[in-house]
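This report refers to the structure that appears directly beneath it.
The values are calculated or read from the model by the stated rules, or taken from the named source; none is laboratory data. Keep in mind that what you see is a predicted model, and the values were worked out from it rather than measured. Note that we place each Cβ from the backbone using ideal geometry, even for glycine, and neighbour counts take in every protein chain shown. The accessibility values were calculated without ligands, DNA or RNA, using every heavy atom of the protein model including side chains. Shrake-Rupley method; radii C 1.70, N 1.55, O 1.52, S 1.80 Å.
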Amino acid sequence: MANTKFYVTTPIYYVNAAPHIGHAYTTLLADVLARYHRQQGIPTFFLTGTDEHGQKVQRAAEQQSMTPQQQADQTVGRFQELWQKLSISNDDFIRTTQSRHTRVVQQILQNLFDHGEIYRAEYDGGYCVPCELFFTGRERSGGACRECGRSLEPIRESNYFFRMSAYQAWLIAYIHEHPTFIQPDFRRNETLGFLQQPLNDLCISRPKSRLSWGIELPFDRDFVTYVWFDALVNYISAIGYLADEARFQRWWPASCHLIGKDILTTHTVYWPTMLKAMNLPMPETIFAHGWWLIDDSKMSKSRGNVVNPMELADRYGVDAFRYFLMAEMTLGQDCNFSEQAFIRRYNADLANNLGNLLSRVMKLITSYCQGQVPAATTEVTGEDEQLLRQAVLNAVTRMEECLNQMRLDLGLAAVIGAIREANRYLEKRQPWTLAKQAKADELNTVLYYAIETLRLVSGLLSPIMPAKMMELRQALGFSDGPETQLVFSQLQTWGATAPGQKIGAMISLFPRI
Ligand code: MSP
């Protein structure tokens, strides 16, 4: 199943404020996963977008004296610009105000209503606007939101409810039977813990008198749809549910919904029960990552500690920024962001390690081989060559394993380790001395091994740093485009670089900061 296609999604972002590094992270992660799958020749669909309805957006618009649609139109541009800047390769971008989405939401609601899955009742509880969550009974009693701890706004209004409670027993069993459904494991346990208490039915509407910014209920024009019920549907409306059956069947179920840990319940409880009521298969995996923190606390606009990804990418380069976010965070856990950590890692991994290997190799080839890739000679390959070759091929295997386990940080560490081996190898073999001693066969072999290392590691790093790795390969004279050069199968064979290939002009790939 996993090998026939890959459909990956990000949460769709609220358009109440500009994107920050937390949003950038989820989208980058999805991009990297999509690129690795494409590299392996797996048909891939990568979806992102914006969540434009609801109280939060309506309030932000009021504060700016704009209509919610104006607010959405303005902010969506900030997201789209950022994704372009960060080389995000999404296949589609869905906005929940688009008619291709609103139509599907309405039809789903009508179908569920017709099947008795939706009923009307009095709602008496609390609401958290920042999280757009309802709380009743036991859940409300603390007076604070389960997710963010902020105080709830009391609401008492007639509303429509989805019979979510009817699916509680089914959901618990499903989660137990499908251990990879919710990942990491401790998040699965969190959801199971939540499900130990009786599950309420889900309030899925807001009276227009209270909130007008939403999708009208098809069976009662005095109401709009609750924003989470609307938003979750994006994962199927974007791929043609109820509109283009063949396309929908092509991509659904999603291979991976990437989310932040704060939206675990909506994705692992609301969404599966909605799908079950619609008779649709479950996504394969819902993966929750941790938060980027600043000095151990969450970034937020009100605390004024948000990190602007646009600025960082401008200052240090897009690919270095992409690399840092992927290498620094252990997927699933929280991670502190600091510019010092960024600079430290950049200098250690990119400038002093990878960049250094490239410039050494280019200088040596220019000085001793007339700028042409030399050929290795079997007679002079010894233990050092074997070790380097093994280290690099191990990194290829390790990266593949780590991707399957969603441990990108470890995969990248293996690749960086292989580059370090290559630098050590050059120091040990001393090609500059071999040149003085006129040991041409040995010199050529050493340089070939170093180039071959660069070919393979650039392939492995290309989904993370697409532009920089392209530059690197061009500098080494690989003329074929990214698609042909980077097929994963070519990363599993040693010796594919053609001797005689002319290298380009010297470049400084990652200047030291
Ligand atoms: N609109 C909903 C999602 C609907 S999906 C059907 C939403 N939007 S959001 O804009 O508030 O957040 C989107 C994502 O950004 C969430 O996954 C959230 O966890 C993530 N992040 C927000 N701040 C974050 C950090 N500081 N660090 C990492 N990710 C964080 O929720």
Residue-normalised accessible area of the chain, expressed per residue, 1.4 Å probe, Å² | 40
Under 14 Å from the Cβ of Tyr119, count the other residues' Cβ atoms, weight Lys and Arg +1, Asp and Glu -1, and hand me the total.
-> -3
Ser367 versus Phe219, label points 7 Å from Cα toward the beta carbon: distance in nm?
-> 8.0
Two-decimal ratio, the stretch 371-513, of alpha-carbon radius of gyration to 2.2 N^0.38 Å = 1.04
At 0.890 mPa s and 25 °C, Stokes D of the stretch 170-225 from Kirkwood alpha-carbon radius, µm² per second = 177
What list of ³J(HN,Hα) couplings, whole Hz, do you get for the stretch 103-108 from phi and the Karplus terms 6.51, -1.76, 1.60, once you set θ to phi - 60° and write x for glycine and proline?
-> 4, 5, 4, 5, 5, 4
In cubic angstrom per residue, the convex hull of the stretch 57-108 built on its Cα atoms measures 91
In the structure shown, of Lys363/Lys468; Lys436/Lys502; Lys85/Lys261; Lys5/Lys85; Lys85/Lys363; Lys428/Lys502, the pairs separated by more than 21 angstrom at the C-alpha atoms are Lys436/Lys502; Lys85/Lys261; Lys5/Lys85; Lys85/Lys363; Lys428/Lys502
Take every Cα-Cα distance within the stretch 201-286, group them into 10 Å bins from 0 onward, and report for each bin the whole-number percent of pairs it holds.
-> 16, 43, 33, 8, 0
Indicate the gyration tensor shape class of the stretch 294-345 (rounded, prolate or oblate), computed on the Cα atoms with a ≥ b ≥ c the square roots of the eigenvalues: a/c under 1.5 is rounded; otherwise a/b larger than b/c is prolate and the rest oblate.
-> oblate
What does the highest-first list of 17-28, 275-286 look like by mean Cβ count within 10 Å?
-> 17-28, 275-286
Check: C-alpha center the stretch 214-254 vs C-alpha center the stretch 99-169, spacing in Å is 17
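Considering all alpha-carbon pairs of the stretch 62-221, what whole percent are spaced by more than 23 angstrom?
Cα-Cα pairs of the stretch 62-221 separated by over 23 Å account for 57 percent.
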Given backbone amide H placed at 1.01 Å from N, residues whose amide H is under 5 Å from that of Tyr123, ignoring those fewer than 5 places away on the same chain, are Glu157, Ser158, Asn159
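Can you give the Kirkwood hydrodynamic radius for the chain, in Å, rounded to one decimal and based on Cα pairs?
25.0
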Could you go through the stretch 124-141 in sequence order and give the Karplus-derived ³J(HN,Hα) for each residue, using 6.51 cos²θ - 1.76 cosθ + 1.60 with θ = phi - 60°, rounded to whole Hz, and x for Gly and Pro?
-> 9, x, x, 9, 9, 5, x, 9, 6, 10, 8, 9, 10, x, 3, 5, 7, 4
Under unit Cβ charges (Lys, Arg +1; Asp, Glu -1), what dipole magnitude, rounded to 20 debye, does the stretch 38-176 have relative to its Cα centre?
-> 200
Whenever you get a sec, line up Trp432, Trp228 from highest to lowest accessible area (probe 1.4 Å, protein heavy atoms).
-> Trp432, Trp228
Show me 407-419, 174-186, 98-110, 319-331 ranked by packing, highest mean number of other Cβ atoms within 10 Å first.
-> 319-331, 407-419, 98-110, 174-186
Using a Förster distance of 22 angstrom, determine the FRET efficiency expected from the C-beta separation of Asn404 and Arg146, and round it to 0.05.
-> 0.10
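What size of dipole, in debye to the nearest 20, comes out for the chain about its Cα centre when the only charges are +1 on Lys and Arg C-beta atoms and -1 on Asp and Glu C-beta atoms?
720
What fraction of the DSSP beta bridges in the chain is antiparallel, stated in percent and rounded to the nearest 5? If you can, show how the numbers build up before the last one.
Numbers: 24 of 45 bridges.
Beta bridges within the chain, antiparallel portion: roughly 55 percent.
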Sulfur and carbon atoms: percent of accessible area, the chain [1.4 Å] | 48
Check cross-link reach from Lys276 to the aspartates and glutamates: straight Cα distance under 17 Å, and skip same-chain residues fewer than eight apart.
-> Asp114, Glu117, Glu177, Asp201, Asp230, Glu284
By how many nm would the segment from Gln110 to Gln64 grow when fully extended, if each residue of separation counts as 0.36 nm and the alpha-carbon distance is taken off?
-> 13.1 nm
Aspartates and glutamates whose Cα lies under 18 Å from that of Lys439, excluding same-chain neighbours fewer than 8 positions away = Glu379, Glu383, Asp384, Glu385, Glu427
Long-range amide H partners of Gly260 with built H, under 5 Å = His289
Interchain or long-range residues, amide H under 5 Å from Ser205's placed H | Tyr160, Tyr226
Would you kindly give the portion of the calculated P(r) for the stretch 218-342 that falls above 24 Å, as a percent of all Cα pairs?
-> 48
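Find the percent of Cα-Cα distances in the stretch 1-131 that exceed 19 Å, and round it to a whole number.
Working: 5183 of 8515 pairs.
Value for the stretch 1-131: 61 percent of Cα pairs lie more than 19 Å apart.
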For the stretch 192-205, Karplus couplings with θ = phi - 60° (6.51, -1.76, 1.60), whole Hz, Gly/Pro x = 4, x, 4, 7, 6, 8, x, 7, 7, 6, 9, 6, 10, 9
Estimated FRET transfer efficiency when R0 is 60 angstrom, pair Gln74-Ala438 (beta carbons, to 0.05) = 0.30
